[in-house]
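Read the structure below first, then the notes.
Just so you know, all these numbers are worked out from the coordinates, no wet-lab data involved. Not measured: the values here are computed from a predicted model. Cβ placement follows ideal geometry from the backbone for every residue including glycine, while neighbour counts extend to all protein chains displayed.
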Amino acid sequence: MALEAAPIEFDSPDRRREISALRAEIRALVTAKGAVILAHNYQRPEVQDVADFVGDSLGLSREAAATGARTIVFCGVRFMAETAAILSPRKTVLLPELEAGCSLADSITADELRTWKAEHPGAVVVSYVNTSAEVKAESDYCCTSGNAKAVIDAIPGDREILFLPDLFMGTWLERVSGRKLTLWMGECHVHAGIRPADLERWRADAPDAELLVHPECGCSSQAMAFAGEGARILSTEQMVTHAKSSPTDHFLVATETGILHRLRSEMPEKRFDPLREDAICRYMKMTTLESVRDSLVRDQHVITVAEETALRARRAIERMVAIG
Ligand code: 13P
Ligand code: SF4
């Protein structure tokens, strides 16, 4: 299985010319097909730049549900394209790279969830959006990093909550919501590698910078202790919004490094550095301009979700979208 992402291109005049030709070709195909390109904040810079909409998982779900386009080219990973297919069953959802998966989504199967539910009768199941359609179909609520606290707050206080699959996000959620959650032990291989020890580098090297931390990070709960010193736990979209309104002009960013492109292009006057330069998701980086172009030319790869699964998964996603 080809799990390695294509190498990050060196910026050369030849590549710049190629990028500009591919962009023009892609935009012409988008118009001809009545398509829309949605890209996650972790995509390669040139893929973000060709998209109609760039955002976090919550924003992309909303955009997929709202778009009038017949075809959605989803530049992200498989569970995101599945979510779009669930929300828009009559549209064609294309995932340019079929192998673009997610180690976090892979950390729980629908069978494992059914067994877990049987061990906790009556519990409410809240699934992070980084899950397969089958796992969402077994869930009561879906949530993203942008609305997880709001979803937990909406559940009556006397109900047990099973939260899955991310252990670090769940531990952070327990602290912000003040609720005890029953947690699945999954993790994202990229964010789990951003450790409490990395916080020391921020405090030693750039104590005046604000630290923006994604809740999936292996240091998210520990970072909360530094809220008074400028640490913030945020979804990728909230990082953009927060940096725009903050008077600070230097930020350290603890998440996948793809977000730096948006932060730097939307706020060229501010400085954004990664807390860890090696926080790179190989799945997110699989999509290239070439694969986006091929996806439009060949209508590949069409992502579908079985009707019965989609119906049950849609309930959990729609409950999330309704909450916030
Ligand atoms: P966001 O919901 O913040 O976009 O994060 C999605 C994701 O895959 C994080 O690794
Ligand atoms: Fe999945 Fe982690 Fe990649 Fe996000 S960064 S898509 S959680 S593997």
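Quick rundown of the values:
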{"read-out": "Overall form of the chain per C-alpha gyration tensor (a/c, 1.5; a/b vs b/c)", "value": "oblate"}
{"read-out": "Spin-label pair ARG62/LYS270, simplified geometry with 7 Å Cα→Cβ offset, distance in nm", "value": "1.9"}
{"read-out": "Among beta bridges that DSSP assigns inside the stretch 110-221, antiparallel share in %, nearest 5", "value": "0"}
{"read-out": "Whole-Å distance, taken between Cα centres, linking the stretch 242-297 and the stretch 47-76", "value": "16"}
{"read-out": "Rounded to 5, percent antiparallel among DSSP beta bridges of the chain", "value": "5"}
{"read-out": "Gyration tensor verdict on the stretch 145-191 (Cα atoms; rounded if a/c is under 1.5, prolate if a/b is larger than b/c, oblate otherwise)", "value": "prolate"}
{"read-out": "Radius, Kirkwood style, for the stretch 1-160 when every pair of distinct Cα atoms is counted (Å)", "value": "17.6"}
{"read-out": "Dipole magnitude of the chain about its Cα centre (Cβ charges: Lys, Arg +1; Asp, Glu -1), debye to nearest 20", "value": "780"}
{"read-out": "Fewest-first ranking of VAL50, VAL125, VAL73, using other Cβ atoms within 10 Å as the exposure measure", "value": "VAL125, VAL50, VAL73"}
{"read-out": "For the stretch 172-287, radius of gyration divided by Kirkwood radius, i.e. Rg to Rh on alpha-carbons", "value": "0.96"}
{"read-out": "Extension gain (nm, one decimal) between ASP11 and MET185, 0.36 nm per residue minus Cα-Cα", "value": "58.6 nm"}
{"read-out": "Share of pairwise Cα separations in the stretch 185-228, more than 15 Å, in percent", "value": "39"}
{"read-out": "Helix-derived mean residue ellipticity, 222 nm - over the chain, DSSP H n ≥ 4, -39500 (n - 2.57), to 500", "value": "-12500 deg cm²/dmol"}
{"read-out": "Distance violations [Cα-Cα > 30 Å] among LYS117/LYS149; LYS136/LYS180; LYS91/LYS270; LYS91/LYS136", "value": "LYS91/LYS270"}
